[in-house]
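Beneath this line is the structure, given in structure tokens, with notes to follow.
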Amino acid sequence: MRAVLMAIGMSLLSGARVVPDGKTPAVSASAETDLSAIKARGTLRLLVILDDEREFFSGEKGDRPGLDYELLEAFGRVHKIRVELVPIAAWEGLVPALLQGRGDVIAGRFTITEARRRLIDFTAETFPTRNVVVTRRPHRKITTLDELRKTRVSVVKGTSMADLLPSLGVPAANIDLSVPTGGILVAMKSGKIGCTVHEVYTAIVAQKNDPEIEMGLFIGDPLSLAYGVRKEDSDLRKALNSYIANVRRSAMWSRLVVKYFGNSAMAILQEARED
């Protein structure tokens, strides 16, 4: 019900059509799925997670539809196509939905990982990121790997954070995968969980909204958010890459980062990349 209600809210956005999760007709992966077919269809179908993290896709009508929404709507205008949002209920459902032909692009907070690369292709980076350990006072701030390995850490199943923790030596018994998509910050504020791992863009927003939130240790390598496409959709990937390169060279990208993440975001993103 929540996914349907949020999908209805997204339908208020100008120029976008929303298809509730599970209602998208599949297209054969060998059929018309690349850029010429998308142009003939007139819509670019975006597979997205709609939850409480609203900076990339907000579900709001007006001037804050989300960073990725604004970027891809502008891409659509260049190619004379509309964007159509296809909400997916859980992170682990995004790649299967793409491979089943239910959408053309995975967008919004989607991290490049080697496990995902084996199944799909990615565009150039759309947003730099890195994982950071997040706690909420009175829980102690985590600043070392040894402290992290001794702490119970709650992350959402199917996310890149869930893949990362075992590689850092966090015991399986200390990894809590029970919190549903979109529920981490709510559970942390209520005191049900004390420690999590977020990508830095989420931590920036969380700390801005809740001053009790603390960012601790950056973990893993610097990462990239990007759009996911099927391996055979090379024309679409090339068109998106060309567009992304132009946007990243322009003032549009930094303007959108500040609009959705605040004036300090650029400096924090740079620190995460360099630490």
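For Leu47, state whether it is at pLDDT 90 or above, assigned to a helix (DSSP H, G or I) and buried (at least 19 other Cβ atoms within 10 Å of the Cβ).
Values: at pLDDT 90 or above: yes; assigned to a helix (DSSP H, G or I): no; buried (at least 19 other Cβ atoms within 10 Å of the Cβ): yes.
When the stated conditions are applied, Leu47 does not pass them.
Among the listed residues Arg117, Arg109, which satisfies the condition of being closer than 30 Å to Ala40 by Cα and without any contact (Cβ under 8 Å) to a residue 12 or more places away in the chain? Before you say what the answer is, go through the steps one by one.
Numbers: Arg109 fails: without any contact (Cβ under 8 Å) to a residue 12 or more places away in the chain.
The unique qualifying residue is Arg117.
Conditions tested, residue by residue: (1) surrounded by 17 or more Cβ atoms within 10 Å (Cβ to Cβ); (2) assigned by TED's automatic domain parsing to the domain that holds Gly194; (3) part of a loop (DSSP other than H, G, I, E, B); (4) in contact with a Pro (Cβ under 8 Å, 6 or more places away or on another chain).
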{"position": "Leu72", "(1), (2), (3), (4)": "yes, no, no, no"}
{"position": "Glu84", "(1), (2), (3), (4)": "yes, no, no, no"}
{"position": "Glu92", "(1), (2), (3), (4)": "no, no, no, no"}
{"position": "Val95", "(1), (2), (3), (4)": "yes, no, no, no"}
{"position": "Val133", "(1), (2), (3), (4)": "yes, yes, no, no"}
{"position": "Lys141", "(1), (2), (3), (4)": "no, yes, yes, no"}
inquiry  = Kindly evaluate Leu217 against the criterion of being assigned by TED's automatic domain parsing to the domain that holds Leu164, surrounded by 13 or more Cβ atoms within 10 Å (Cβ to Cβ) and in contact with a helix residue (DSSP H, G or I) (Cβ under 7 Å, 6 or more places away or on another chain).
reply    = yes
request  = Among the residues of segment 223-248, write down those that are surrounded by fewer than 22 Cβ atoms within 10 Å (Cβ to Cβ), farther than 20 Å from Glu271 by Cα and out of contact with any Leu (no Cβ under 7 Å at 6 or more places or on another chain).
outcome  = Lys231, Glu232, Ser234, Lys238, Asn241, Ser242, Tyr243, Ile244, Ala245, Asn246
Residues that are in contact (Cβ under 8 Å) with a residue 60 or more places away in the chain and touching a helix residue (DSSP H, G or I) at 6+ places or on another chain (Cβ under 7 Å), drawn from segment 128-153 = Pro128, Thr129, Arg130, Asn131, Val132, Val133, Val134, Arg136, Ile142
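The values are calculated or read from the model by the stated rules, or taken from the named source; none is laboratory data. Model, not experiment: these values are computed from the prediction. Neighbour counts run over all protein chains shown; Cβ positions are idealised from the backbone, glycine included.
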